[in-house]
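Below you'll find the structure, written out as structure tokens, and then a few comments.
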Amino acid sequence: MPFVTWFKRHLVVIAGLLTLGYLLLPNIVVTVFSFNNPKGRFNYAWQQFSLDAWKDPCGVADLCGSLSVSLQIAFWATLGATVLGTMIAFALVRYRFRARGAVNSLIFLPMAMPEVVMAASLLTLFLNMGAQLGFWTVLIAHIMFCLSFVVTAVKARVMSMDPHLEQAAQDLYAGPVQTFLRITLPIAAPGIAAGALLSFALSFDDFIITNFNAGSTVTFPMFVWGSAQRGTPVQINVIGTAMFLIAVLFVLASMVIGNRRTKQKA
């Protein structure tokens, strides 16, 4: 039968499109309801099209303040985790030292450990140290759990590097610093960028670990959770839609840049 033959031939494509649609469905719902004008406190049922929330995204008290806190924590956590994770990844791949296997295993422990366990452990550590819960304790916690993801991404990239390229640069009288900046770093850059982007997304989105160690500091996920108890303002959907669109633009920009570089090499 023609239909059965066509379906079998395009089964992978159909399955991919259905999976993509399933993943994007929540984002579509959030985007649609960012234009809603609910009659009550909860933005769960469509009432009327409105641009009021988009015109005044900071119209809800403390919303933009919590968003600013989340962005600051995500930025510094990404920076710290990316620098430390990159150095750890190079050390694990390029050098041999005692307990290297144990360190290699322990690095992945935060990825396998339940967030509740990690959050409670960090809270116990901070309290025993006498640290005041707040911005800095959240930042330290975020750097810690983001490290594993950066090390994983960068390590995979470094392991696939051809060592002969660095040896060729040294044969051409390039110094260690010049070899690293001209050869090693550009090759490892995609892995570093992937780890950094993943760290930023995880840090910005985290709730469990943050809630345990935040003290009086309120991040955007904590604000959303607190608002859900009293009523969900439309501005939350606006911020979520804006973040989603920014992420899509980053992906599209990277694809365009990658295609241009491929054409230039060809």
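The values are calculated or read from the model by the stated rules, or taken from the named source; none is laboratory data. Keep in mind that this is a model prediction, so the values were computed, not measured. Reconstructed Cβ throughout: ideal geometry from the backbone, glycine too, with neighbour counts over all protein chains shown. Keep in mind that these areas ignore ligands, DNA and RNA; they rest on the heavy atoms of the full protein, side chains included. Shrake-Rupley method; radii C 1.70, N 1.55, O 1.52, S 1.80 Å.
Hey, residue 50 hits all of (1) open to solvent by 80 Å² or more (accessible area, probe 1.4 Å); (2) more than 24 Å from the chain's Cα centre (by Cα) but one; which does it fall short on?
(1)
Kindly check whether there is at least one residue in the range 111-133 that is of a type in the set (S, T, N, Q), over 19 Å from residue 76 (Cβ atoms) and within 19 Å of the chain's Cα centre (by Cα).
no
Under the condition of being of a type in the set (A, V, I, L, M, F, W, C) and open to solvent by 90 Å² or more (accessible area, probe 1.4 Å), which residue from the range 162-200 is farthest from residue 248 (Cα to Cα)?
172
Show the residue pairs that are 6+ apart or on different chains and have beta-carbon atoms under 7 Å apart, the first residue being within the range 77-99 and over 13 Å from residue 195 (Cβ atoms), the second being open to solvent by 80 Å² or more (accessible area, probe 1.4 Å).
93/159
Answer yes or no as to whether residue 216 is under 14 Å from residue 89 (Cα atoms), of a type outside the set (D, E, K, R) and open to solvent by 70 Å² or more (accessible area, probe 1.4 Å).
no
Any idea which residue in the range 133-179 is farthest from residue 89 (Cα to Cα), counting only those that are assigned to a helix (DSSP H, G or I) and among the aromatic types (Phe, Trp, Tyr)?
The qualifying residue farthest from residue 89 (Cα to Cα) is 135.
Counting residues that are β-branched (Val, Ile, Thr), which helices (runs of 4 or more DSSP H) fully inside the range 202-265 reach at least 2?
Once the helices (runs of 4 or more DSSP H) in the range 202-265 are filtered for at least 2 residues that are β-branched (Val, Ile, Thr), what remains is 208-213, 234-265.
So which of 108, 135 is of a type outside the set (A, V, I, L, M), surrounded by fewer than 16 Cβ atoms within 10 Å (Cβ to Cβ), within 24 Å of residue 202 (Cα to Cα) and in contact (Cβ under 8 Å) with a residue 24 or more places away in the chain?
108
Give the residues of the range 111-132 that are of a type outside the set (Gly, Ala, Ser), outside any helix (DSSP H, G or I) and either open to solvent by less than 70 Å² (accessible area, probe 1.4 Å) or farther than 24 Å from residue 155 by Cα (or both), sorted by residue number.
Of everything in the range 111-132, those that are of a type outside the set (Gly, Ala, Ser), outside any helix (DSSP H, G or I) and either open to solvent by less than 70 Å² (accessible area, probe 1.4 Å) or farther than 24 Å from residue 155 by Cα (or both) turn out to be 113, 132.
Residues in the range 221-243: is at least one in contact (Cβ under 8 Å) with a residue 40 or more places away in the chain, farther than 30 Å from residue 49 by Cβ, surrounded by 17 or more Cβ atoms within 10 Å (Cβ to Cβ) and of a type in the set (Gly, Ala, Ser)?
no
Does residue 93 satisfy being surrounded by 12 or more Cβ atoms within 10 Å (Cβ to Cβ), within 26 Å of residue 185 (Cβ to Cβ), modelled with pLDDT under 90 and of a type in the set (Val, Ile, Thr)?
So residue 93 passes the test.
Does the range 111-132 hold any residues that are small (Gly, Ala, Ser) and either in contact (Cβ under 8 Å) with a residue 40 or more places away in the chain or in contact with a helix residue (DSSP H, G or I) (Cβ under 7 Å, 6 or more places away or on another chain) (or both), and which are they?
Matches in the range 111-132: 119, 120, 131.
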